[in-house]
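A.B. asks: What follows is a structure written as structure tokens; I'll ask about it next.
The values are calculated or read from the model by the stated rules, or taken from the named source; none is laboratory data. Note that this is a predicted model, so its numbers are computed, not measured. Neighbour counts run over all protein chains shown; Cβ positions are idealised from the backbone, glycine included.
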Amino acid sequence: MARTKGAKNKVSGQAKENISAVFVRLGGTAEMARWAKGNPTEFYKLYARLIPVEHTGEIDVHNTFAVPLTEASKEAPEWERRTVQ
């Protein structure tokens with residue numbers, strides 16, 4: 001049976017609780033800091049995955065079609081660079 005719209009997944013919630021409990025039993029943040037000092041590359045890979053992706057700027061999808069300008073595209077005919085109507 002499917003979950004109702006907006007209902008949380010009980011399995012993933014329980015998995016998060018279990019992982020948190022194991023983290024504490026393994027020594028918590030003090031042990032993680034010790035591990036991170038010995039494995040800085042792995043720690044920063046893990047840390048980077050936790051940073052939210054932020055998008056800035058506006059895109060007007062109704063009036064233009066943007067293509068990155070490269071050396072090859074500078075030579076493109078005028079009809080390839082026009083605004084899409």
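A.B. asks: (1) at pLDDT below 60; (2) loosely packed, with under 10 Cβ neighbours inside 10 Å: which one isn't true of residue 51, the others all being true?
C.D. replies: (1)
A.B. asks: On the given criteria, is residue 11 within 25 Å of the chain's Cα centre (by Cα), at pLDDT below 75 and either surrounded by 10 or more Cβ atoms within 10 Å (Cβ to Cβ) or of a type outside the set (Lys, Arg) (or both)?
C.D. replies: Taking the combined requirement at face value, the residue does not satisfy it.
A.B. asks: To continue, here is another question. Go through (1) more than 23 Å from the chain's Cα centre (by Cα); (2) at pLDDT below 65 for residue 68 and report which single condition fails.
C.D. replies: With respect to (1) more than 23 Å from the chain's Cα centre (by Cα); (2) at pLDDT below 65, residue 68 is out only on (1).
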